[in-house]
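The values are calculated or read from the model by the stated rules, or taken from the named source; none is laboratory data. Just so you know, these numbers come straight off a predicted model, no measurement behind them. Cβ coordinates were reconstructed from backbone atoms using ideal geometry, including for glycine residues, and neighbour counts include every protein chain displayed.
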Amino acid sequence: MSNTLKRVNSWKYSIPITLSDDIEDVDLMSNESNHIIRQLKRIKKSVKNSNLIDDEKNTIDYSLSDIIDKFEFFIELLNGNIHPDDWDDYDFDGNFADMFNNYLTELYDLGDTRVITTNDTIEKFMLINTTRI
């Protein structure tokens with residue numbers, strides 16, 4: 001890698017997500033969480049064979065795994081697979097919309113990350129292309 005990195009404003013990856021103005025729509029949150037997980041797993045697989053430098057690959061792989069785990073946990077809560085009596089064990093107060101929005105914020109933060117490639121460029125990592133319904 002050279003001493004001079006070129007900063008570009010292109011996005012390395014992109015995922016579409018659909019959000020509802022009805023923040024209490026549990027079915028939509030579940031469906032969108034599953035969609036996000038599928039998209040992130042696809043990107044995670046792609047990152048392994050990408051032109052990101054190795055340190056970036058490792059960091060992004062860890063971050064993607066963490067967010068995937070959080071959305072999978074969220075689905076478990078939504079589906080009732082974790083009993084409400086156990087919610088305190090997970091610091092969950094029963095507000096699905098808040099949890100979903102917190103995980104989306106983490107996703108947007110990851111998307112805004114800049115990554116270094118082997119051709120000495122710094123790119124934006126992931127565009128979250130949001131549609132509202």
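Details
- Cross-chain or 6+ apart pairs with Cβ under 6 Å, segment 9-21 first and over 10 Å from Thr130 (Cα atoms), then modelled with pLDDT of 90 or more and aliphatic (A, V, I, L, M): Trp11/Leu127; Tyr13/Ile43; Tyr13/Met126; Ser14/Leu127
- Some residue of segment 32-48 being more than 14 Å from Ile128 (Cα to Cα) and buried (at least 16 other Cβ atoms within 10 Å of the Cβ): yes
- Being closer than 16 Å to Glu106 by Cβ and either of a type outside the set (Ser, Thr, Tyr) or in contact (Cβ under 8 Å) with a residue 12 or more places away in the chain (or both) is true of Ile75.
- Output for segment 85-111, where each listed residue is surrounded by 17 or more Cβ atoms within 10 Å (Cβ to Cβ) and over 19 Å from Ser20 (Cβ atoms): Phe92, Leu110, Gly111
- Counted residues, segment 7-28 - those being loosely packed, with under 13 Cβ neighbours inside 10 Å, closer than 21 Å to Asn95 by Cα and touching a strand residue (DSSP E or B) at 6+ places or on another chain (Cβ under 7 Å): 1
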